[in-house]
Amino acid sequence: MAPEQNTMTEQRRPERAIESLEPKAPHDALGFEDLAKSYNFRNTSNIRHVFARMINDECDRRSGSVRVLDIGCGRGLGREVGYQWAMRPHIDEYWGIEPDPSIKPEAGLYEHFQHALMEDADLPEAGFDVAYSFMVMEHVADPRAYLQAVRRCLKPGGVHFFITPNARHFVTRCAIFLHKIGLDEIVLKLIKRGEEGEYHYPVKYLFNREQDIDRHARDNGFEPPGYVYLETEVPRGYLKGPFSLVIPFLEWKRRTFRNPRSLVTLICRMEKGPE
């Protein structure tokens, strides 16, 4: 399916944009490399804030016209489109793809938009400086096909960023176990009671741990990936009822052992390798 040309690119909707991503917590202003060396438990204010700043930093360090692809753009970063508007001034040409046909992009946000999976999207070969996804990788059914499609559309030296639940975290481990025994959807409905109206994509959890990401990156022509781990707060929203009993233990563990690889959110940066 050919991409739709968005003719309203001059409408920036400043009233909806987050005009400034000013730091609100100690590590909010750190770049990817510094965050990768840091222990980021309760040191960042919001994962969307940090991720948007990373994309902006990557765009700003590149020369010439910068073209960016938003994979699985949905209704915004964590359902907040203001973050994309805050990224928009750093991007010369912004593309979005989204598989859900009920979701329409805001006028003026993207030059090009289409409803498609990454694996099936009609995208220019070697056309993008940056491709990113926010909470998409846990839903990818075929990581090999996905990464091949990403690599095909990136320019030489182009970068793929993604943010996803970390497979090492207690909550994600529980979710993966429940998924394997077929109970994840039932438990999710119980935990998220009252939020049933929100669209929920089935999860696969095939691309959420370093060793799997490293292997797929190597096999599909990417340089060794870099990783950042974040946790703004113990994820209480998923630890309700009897599960809430583990919250004090998790907080104690975070303060005592300070292992960054145990934090709930993983951000990966991988660069396209040479042909």
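The values are calculated or read from the model by the stated rules, or taken from the named source; none is laboratory data. In this text the structure is predicted, and so the values were computed from the model without any measurement. Here the Cβ is made from the backbone with ideal geometry for all residues, glycine too, and neighbour counts use every protein chain on show.
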Failed criterion for LEU21 (all others in (1) modelled with pLDDT under 95; (2) in a helix (DSSP H, G or I); (3) crowded, with 18+ Cβ neighbours inside 10 Å hold):
(2)
Against the conditions (1) in contact with a Gly (Cβ under 6 Å, 6 or more places away or on another chain); (2) over 28 Å from ASN46 (Cβ atoms); (3) among the hydrophobic types (A, V, I, L, M, F, W, C), where does ALA141 fall short? Just the number, please.
(1)
Condition met for HIS216 (surrounded by 13 or more Cβ atoms within 10 Å (Cβ to Cβ), at pLDDT 95 or above and part of a helix (DSSP H, G or I)):
yes
Selection count, region 59-105, where residues are free of Cβ contacts under 8 Å to residues at least 40 places away in the same chain, small (Gly, Ala, Ser) and surrounded by fewer than 16 Cβ atoms within 10 Å (Cβ to Cβ):
3
One residue is enough: does region 258-269 have a residue meeting the conditions without any contact (Cβ under 8 Å) to a residue 24 or more places away in the chain and either of a type in the set (Val, Ile, Thr) or out of contact with any strand residue (DSSP E or B) (no Cβ under 8 Å at 6 or more places or on another chain) (or both)?
yes
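Considering each of GLY273, GLY157 in turn, give the residue that is at pLDDT 95 or above and under 30 Å from GLY127 (Cβ atoms).
Working: GLY273 fails: at pLDDT 95 or above.
Sole residue among the options that is at pLDDT 95 or above and under 30 Å from GLY127 (Cβ atoms): GLY157.
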Residue hits (region 163-189; modelled with pLDDT under 75 and exposed (fewer than 11 other Cβ atoms within 10 Å of the Cβ)) are ILE186
Just checking, does region 127-140 include any residue being at pLDDT below 95, at positive phi and among the charged types (D, E, K, R)?
no
Members of region 236-254 that are in contact (Cβ under 8 Å) with a residue 12 or more places away in the chain and under 12 Å from PHE41 (Cβ atoms):
LEU250, GLU251, ARG254
Within 18 Å of the chain's Cα centre (by Cα) and in contact (Cβ under 8 Å) with a residue 60 or more places away in the chain: does that describe HIS112?
no
What single numbered condition from (1) at pLDDT 90 or above; (2) within 20 Å of GLU138 (Cβ to Cβ); (3) not acidic (Asp, Glu) fails to hold for PRO224?
(2)
Could you list, ordered by first residue, the pairs with Cβ atoms under 8 Å in which the first is in region 116-128 and under 19 Å from PHE161 (Cβ atoms) and the second is aliphatic (A, V, I, L, M) and assigned to a helix (DSSP H, G or I), at least 6 apart or interchain?
MET118/ALA149; MET118/VAL150; GLU119/ALA145; GLU119/ALA149; ALA121/ALA149; LEU123/ALA149
Could you give every pair whose Cβ atoms fall below 7 Å, whose first residue belongs to region 164-184 and is under 14 Å from VAL234 (Cα atoms), and whose second residue is assigned to a helix (DSSP H, G or I) and aliphatic (A, V, I, L, M), counting only separations of at least 6 or pairs across chains?
PHE170/VAL246; PHE170/LEU250
How many residues does region 230-275 hold that are in contact with a His (Cβ under 9 Å, 6 or more places away or on another chain) and either in a loop (DSSP other than H, G, I, E, B) or of a type in the set (Phe, Trp, Tyr) (or both)?
3
